[in-house]
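These notes concern the structure reproduced below.
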């Protein structure tokens, strides 16, 4: 199977969910074996592959390199992974990826408008050599070797209850069933987030607020919350720098567990 990139560059602008500042990204075609590269346009055109960056998971996935930060990368990475795009360069003006509507839908739509170009170079997909698991109290994540990507995801939250989903990866299914699911937060967390200097760009447009009296907007799916968690996982596992075949089970997961899995996978692969 050949690697892919996009045919044309696309531009996306908007407010960052946490910084609250306007930002702009340009997603451009890249040659085979480039991977996903960030280009800091206002920082001496520094180019960094995602798998070379340090990762933080404070209310989102944050990349850092030599004092430069990129906040909230999970949704754009999820769209790239979901559409099976192997090589692009993302030029960033600002410190955070635009939040758009809080989902990956805008990114998917823009990338599809750009078109897909096939590159005559074999696609390299990570194959797990052995099972990997991480448990933290009643939360856990584990991955089994497989010849395709499939995900079981279970969540449980106050005022939401239990939701679960099984997903076998397919770009068309990702576009229709996963990409439109929006990020969410809880009414009781708002004051804490503000105190921490986060969610400065949060609004009813780019997030669902969950409270004891219901939700801040109608849901796109009855189980939109677990779909968004799966969307986040699709983005976080693309921090590996390439796609992976595995059967992944997640119980009460989040960015911390997702990234711990990524780190463990890297360790296992590097040891072989």
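The values are calculated or read from the model by the stated rules, or taken from the named source; none is laboratory data. Quantities reported herein were computed from a predicted structural model and do not represent experimental measurements. Glycine gets a Cβ as well: all are built from the backbone with ideal geometry, and neighbour counts include every protein chain shown.
Assorted remarks:
- The stretch 238-252 - residue that is closer than 25 Å to residue 206 by Cβ and out of contact with any helix residue (DSSP H, G or I) (no Cβ under 6 Å at 6 or more places or on another chain) and, of those, surrounded by the fewest Cβ atoms within 10 Å (Cβ to Cβ): 252
- Entry remark, the stretch 65-87: residues being outside any helix (DSSP H, G or I), closer than 19 Å to residue 179 by Cα and touching a residue at least 60 places away in the same chain (Cβ under 8 Å) number 5 in total.
- Boolean, residue 209 is in a strand (DSSP E or B), modelled with pLDDT under 95 and over 30 Å from residue 2 (Cα atoms): yes
- Some residue of the stretch 179-191 being more than 19 Å from residue 73 (Cα to Cα), at pLDDT 95 or above and surrounded by 18 or more Cβ atoms within 10 Å (Cβ to Cβ): no
- Residues located in the stretch 119-157, provided they are over 19 Å from the mean Cα position of the chain (by Cα), part of a strand (DSSP E or B) and over 22 Å from residue 223 (Cβ atoms): 119, 120, 121, 122, 127, 132, 133, 134, 135, 136, 144, 145
Matching residues to (1) more than 23 Å from residue 243 (Cβ to Cβ); (2) touching a helix residue (DSSP H, G or I) at 6+ places or on another chain (Cβ under 6 Å); (3) at pLDDT below 90:
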{"residue": "11", "(1), (2), (3)": "yes, no, no"}
{"residue": "19", "(1), (2), (3)": "yes, no, yes"}
{"residue": "34", "(1), (2), (3)": "no, no, no"}
{"residue": "39", "(1), (2), (3)": "no, no, yes"}
{"residue": "46", "(1), (2), (3)": "yes, no, yes"}
{"residue": "53", "(1), (2), (3)": "no, no, yes"}
{"residue": "65", "(1), (2), (3)": "no, no, yes"}
{"residue": "74", "(1), (2), (3)": "no, yes, no"}
{"residue": "79", "(1), (2), (3)": "no, yes, no"}
